[in-house]
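J.: Just dropping this structure here.
The values are calculated or read from the model by the stated rules, or taken from the named source; none is laboratory data. These numbers come from a predicted model, not from an experiment. Here the Cβ positions follow ideal geometry from the backbone for every residue, glycine too, while neighbour counts run over all protein chains shown.
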Amino acid sequence: MTEATSLHATRLAYDTVAVDYERLLRHELDARPLDRAMLAAFSELTQTPGAGPVADLGCGPGRITAHLHALGVDVFGIDLSPEMVALARRRHPGLRFEVGSMTELDLADDSLGGAVAWYSTVHTPPESLPTVFAQCHRVLAPGGHLILAFKAGDRCRHRDRAYGHAVSLDIYWMSPDHVADLLGEAGLVLDARLIREPDESEEPRQGRQAYFLAHKPPRAGWTARSSWGRGADRADECRPRAPRVPQPAPGHRHPAAAARKTGVADGAALPTVLPHG
Ligand SMILES: C[S@@+](CC[C@H](N)C(=O)[O-])C[C@H]1O[C@@H](n2cnc3c(N)ncnc32)[C@H](O)[C@@H]1O
């Protein structure tokens with residue numbers, strides 16, 4: 001299938017299911033603490049002074065856009081499906097939503113503080129994923145963050161019904177290792193990956209769900225720790241540290257001393273204090 005054919009089929013399917021998708025998924029995040037934890041981390045990472053806005057790519061009806069907005073993120077949504085965008089605008093009139101494709105973003109280079117692809121690459125044929133990640137890299141500002149949610153696995157399923165409607169839609173499960181490789185090839189640095197098992201509310205055949213956090217490297221010469229790394233190479237200044245010895249509380253008899261006195265305990269069985277650093 002060509003990229004154009006796949007985009008056409010996906011757009012048509014989501015135009016068809018938009019209203020029922022929104023109705024069925026409206027409260028889904030409420031029962032997903034791990035998903036919310038990753039979104040909370042992303043929200044914190046992208047709310048740094050001077051960072052650009054966040055684009056929710058493949059935003060659908062805008063439920064993740066609205067969730068991030070409630071966490072304080074300056075966020076707008078983009079989706080392939082005009083019906084989804086119209087619905088998102090109705091549901092969240094205070095937020096901005098535009099029609100567009102992740103494969104060809106109408107956004108300036110280096111303009112975003114963050115990008116979200118929350119289950120929106122699940123219909124992207126594997127051969128088009130490098131294009132999507134290259135677009136993410138292009139529009140993210142140096143130091144900008146990407147969050148991905150996708151179905152973990154290695155298969156494709158064709159659906160001719162979804163959310164109560166006749167559709168023609170391919171869904172791809174992607175290997176997390178492969179996605180990690182593709183992000184690296186696009187120039188993005190993977191920071192964290194969460195793979196969660198299906199819970200009781202999900203069909204077991206849905207399998208595991210993957211959540212990735214990545215970022216575009218900052219410009220050469222900049223480092224978040226530049227304040228302590230400034231000047232000399234601090235690695236030269238490291239000295240081996242003496243093992244830390246816990247200080248007994250006043251009046252406390254150290255177990256080794258007690259063992260020596262009673263002769264019942266072996267020193268090897270005592271807790272070991274490891275040097276850190
Ligand atoms: C499973 S829905 C997820 C929607 C939303 N992120 C959410 O979690 O509710 C997939 C969405 O991705 C959109 N989509 C798929 N391919 C896209 C593309 N190339 N560019 C923009 N949006 C796309 C679809 O139109 C659909 O709204």
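J.: Restricting to the stretch 130-151, count the residues that are of a type in the set (Lys, Arg) and within 14 Å of the ligand (Cβ to nearest atom).
T.: Residues in the stretch 130-151 being of a type in the set (Lys, Arg) and within 14 Å of the ligand (Cβ to nearest atom): 1 in total.
J.: For the subset of the stretch 79-97 comprising residues that are within 10 Å of the ligand (Cβ to nearest atom) and more than 18 Å from ARG26 (Cα to Cα), which member is nearest to the chain's Cα centre (by Cα)?
T.: Among those that are within 10 Å of the ligand (Cβ to nearest atom) and more than 18 Å from ARG26 (Cα to Cα), it is LEU80.
J.: Out of all the residues in the stretch 67-78, which are more than 10 Å from the ligand (Cβ to nearest atom) and within 17 Å of ARG36 (Cβ to Cβ)?
T.: LEU68, HIS69, ALA70, LEU71, GLY72, VAL73, VAL75
J.: Kindly check whether there is at least one residue in the stretch 21-28 that is of a type in the set (A, V, I, L, M, F, W, C) and under 23 Å from ARG196 (Cβ atoms).
T.: yes
J.: While we're here: Any residue in the stretch 19-39 that is within 14 Å of GLY114 (Cα to Cα) and of a type outside the set (Lys, Arg)?
T.: Checked against the condition, which is being within 14 Å of GLY114 (Cα to Cα) and of a type outside the set (Lys, Arg), the stretch 19-39 yields at least one hit.
J.: Consider GLY62 against the criteria (1) touching a His at 6+ places or on another chain (Cβ under 6 Å); (2) away from the ligand (no atom under 12 Å from the Cβ): it satisfies all of them except one. Which criterion is unmet?
T.: (2)
J.: Another question about this same structure. Here is a list of conditions, (1) within 20 Å of VAL116 (Cβ to Cβ); (2) out of contact with any helix residue (DSSP H, G or I) (no Cβ under 9 Å at 6 or more places or on another chain), and ALA186 meets all of them except one; can you say which number that is?
T.: All conditions pass for ALA186, except number (2).
J.: From the list ASP170, ASP177, ASP236, which one is at pLDDT 95 or above, of a type in the set (D, E, K, R) and over 28 Å from HIS27 (Cα atoms)?
T.: Only one candidate qualifies: ASP177.
J.: Of these, ASP56, ASP30, ASP35, ASP15, which one is more than 11 Å from the ligand (Cβ to nearest atom) and either part of a helix (DSSP H, G or I) or under 20 Å from PHE212 (Cα atoms) (or both)?
T.: So the residue among ASP56, ASP30, ASP35, ASP15 that is more than 11 Å from the ligand (Cβ to nearest atom) and either part of a helix (DSSP H, G or I) or under 20 Å from PHE212 (Cα atoms) (or both) is ASP30.
J.: Does ALA18 satisfy the condition of being in contact (Cβ under 8 Å) with a residue 40 or more places away in the chain, more than 17 Å from LEU146 (Cα to Cα) and touching a Leu at 6+ places or on another chain (Cβ under 8 Å)?
T.: Considered against the rule, which asks whether it is in contact (Cβ under 8 Å) with a residue 40 or more places away in the chain, more than 17 Å from LEU146 (Cα to Cα) and touching a Leu at 6+ places or on another chain (Cβ under 8 Å), ALA18 comes out as yes.
J.: Quick check on this structure: which one of GLU127, GLU104, GLU44 is within 12 Å of the ligand (Cβ to nearest atom), out of contact with any Pro (no Cβ under 9 Å at 6 or more places or on another chain), under 27 Å from ASP181 (Cα atoms) and at pLDDT 95 or above?
T.: GLU104
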